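Enquirer: Okay, handing you the structure first.
Here, each number is a calculation from the coordinates, and none is a lab measurement. Given the structure is predicted, the values throughout are model-derived calculations rather than measurements. Glycine also receives a Cβ, built like all others from the backbone with ideal geometry; neighbour counts cover every protein chain displayed.
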Amino acid sequence: MQFIFDHISSVLVASVVLVIFAMLQLRGSQTLSETSIHQMVYSDALDAGAMLQRDLENMRTDSQTAEALTRGVLAGGAYSCAMTASGDTTLTLTFPTLADPDGVAALADPMDAPVQIVTYVLEAVGDSASVDKGTSIEYYPLYRLNRIVDGTFTGGTKGNVVHFNVGLSTQGSSVFNTGSAVCPSDLAKIRFELKTAIDGVTHVASDQRSVSQLNLSRFATTVDLTNWD
Amino acid sequence: MQQTILALGALMITMMITVNQQQSIFRVQQLGYIRELENAAMDFGASRLEQIMNTTAFDEVVVGATEMAFEASDFTNLAQLGPDGAEHADQFATFDDLDDYDGFEETVTHVMSADTFRFQVSYVVEYISPSSPNVVPGSPTMAKQLTASIQSETMVGDKRANVVMKRVAIITDSF
């Protein structure tokens, strides 16, 4: 009898151990997926932010763009600096910027640096990403942030964007205008916010549910337009 | 009896592995949360430092000046950096020059993409040598460095997001 009981307890213990290892394996793979998704969504936000920040930091003024036109180094049309918005979402942002900021140092006259009119267009892709917030699941419509120069889509186009908001501020003001507007002549700062998301890990069971929200990432910054001072 | 002890031993080892695994999962997620908080802290820092740099004078003696007629020796002594006169140490709205921020601390609420973050921020202002920025000079120079240390009020496990951002102001004759 003692022999049987010993075996029963061994079977029970072995079953418990197996279940625990199975749960660990499941949770481990889920975490791996969560962190990979977070890495992807984080780098998407950073890449899109860095691309926009670089263009904004090298933004040209009206007179600089006119000079570029005179010198024949302007691409993408005449001077244009404006944005359109719907609610707190920026739909388009157009401004002149240096085509190759790194190449300016090699030029004898920096004013010979090629300038291009770049347009960022937020385009709905007809899909959504869900973020599990514990008490509810929020669905974010997905957009693509297209970077267009002279009617051509450039390599900088970014996907997985769920929020894009740009604010323009004038000299001495701390208020950012996020509505549709033409760039004011005393534009001093531009602030932008980006949010990216990728669909998270599939809901397996309530106790294995991922509510980390790590499939959502944010990037925002304020660019001081020293060139415009 | 022997097998029961062995079984209990196996359970204990399994439990230890489970706890370690859960801890490892938590650490990985913690890094993700901290990175998000750091992004928000950097956003706040960029905006605040830019605001300070554009709204305050280089030094008290420069406030209201219309031309550059100063030597480095005219600027605030190293020992006197910080709020002075009518400025209140806890009210940055009264600050009119850069070194007033030396020693200033504030708790701020920062909104980023509809998410709200709270940070504790402390500032340090020091003179630096324009030609050797890493050397702290013994007397006033024509360059001041503002350092903001931003720490998230929210803790993720036993960690907070910490970001240090710096801006240098150099006084020139382009008044």
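Enquirer: Holding the Cα-Cα limit at 26 Å, pick out from A:158/B:159; A:133/A:195; A:189/B:166; A:195/B:159 the pairs that are longer than that. Let's see the in-between values first.
Expert: Details: A:158/B:159 32 Å; A:133/A:195 16 Å; A:189/B:166 19 Å; A:195/B:159 24 Å.
Beyond 26 Å between Cα atoms: A:158/B:159.
Enquirer: Still on this structure, I have one more. Take peptides B:72-85, B:30-43 and line them up by average Cβ neighbours within 10 Å, highest first, as a rough protection proxy.
Expert: Working: B:72-85: 14.7, B:30-43: 20.4.
Sorting B:72-85, B:30-43 by mean packing, highest first, produces B:30-43, B:72-85.
Enquirer: Taking the Cα-to-Cβ direction at residue A:186 and at residue B:88 and moving 7 Å from each Cα, how far apart do the two end points lie in nm?
Expert: 2.9 nm
Enquirer: For a distance above 19 Å, tell me the whole-number percent of Cα pairs in segment A:52-114 that qualify.
Expert: Here the tail beyond 19 Å accounts for 34 percent of pairs.
Enquirer: Another question, then. Expressed as a whole number of Å, what is the distance separating the alpha-carbon centroids of segment A:43-90 and segment B:7-71?
Expert: What the calculation gives is 30 Å, centre to centre.
Enquirer: On to the next question. What do you get when you divide the Cα radius of gyration of chain A by 2.2 N^0.38 Å, with N the number of residues?
Expert: Rounded to two decimals, the normalised Rg is 1.48.
Enquirer: How many Cβ atoms of partner chains, on average, are near each residue of A:19-29 if near means within 10 Å of its Cβ? Don't skip to the end; give the middle numbers.
Expert: Values: counts 1, 6, 4, 0, 2, 7, 1, 0, 4, 4, 0.
Going residue by residue through A:19-29 and averaging, the value is 3.
Enquirer: What does the average come to when, for each residue of peptide A:213-221, you count the partner chain Cβ atoms lying within 10 Å of its Cβ? Please list the in-between numbers first.
Expert: Details: counts 3, 7, 1, 3, 4, 9, 7, 12, 9.
Mean partner shielding for this stretch: 6.
Enquirer: Right, something else. Where a ≥ b ≥ c are the square roots of the eigenvalues of the C-alpha gyration tensor, would you call the protein assembly as shown rounded, which needs a/c under 1.5, or, failing that, prolate if a/b is larger than b/c, or oblate?
Expert: Numbers: a/c = 2.97, a/b = 1.64, b/c = 1.81.
Oblate, since a/c reaches 1.5 and b/c is not below a/b.
Enquirer: What is the spin-label model distance, in nm, from residue B:170 to residue B:132 if the labels are put 7 Å beyond Cα along the C-beta direction?
Expert: Spacing of the two 7 Å Cα→Cβ label points: 1.7 nm.
Enquirer: Could you tell me how many degrees, from 0 to 90 and to the nearest 10, lie between the Cα long axis of helix A:2-57 and the main elongation axis, the longest principal axis, of the Cα atoms of chain A?
Expert: Once rounded, the angle reads 0 degrees.
Enquirer: Using the C-alpha atoms of chain B, what convex hull volume per residue, in cubic angstrom, is computed? Working shown, then result.
Expert: Working: hull volume 31.2 nm³, N = 175.
Given the Cα convex hull of chain B, per-residue volume reads 178 Å³.
Enquirer: What does the net charge come to around residue A:138 if you take all other residues with beta carbon closer than 13 Å to its beta carbon, with K and R at +1 and D and E at -1? Display every interim value, and only then the final one.
Expert: Numbers: positive: A:133, A:195; negative: A:132, A:199, B:115.
That sum, taken over residues with Cβ under 13 Å, equals -1.
Enquirer: Further, regarding this structure: Taking each residue of B:9-15 in turn, how many C-beta atoms of other protein chains fall within 10 Å of its C-beta, and what is the average?
Expert: Details: counts 1, 5, 5, 0, 1, 8, 2.
Neighbouring Cβ atoms belonging to other protein chains average 3 per residue here.
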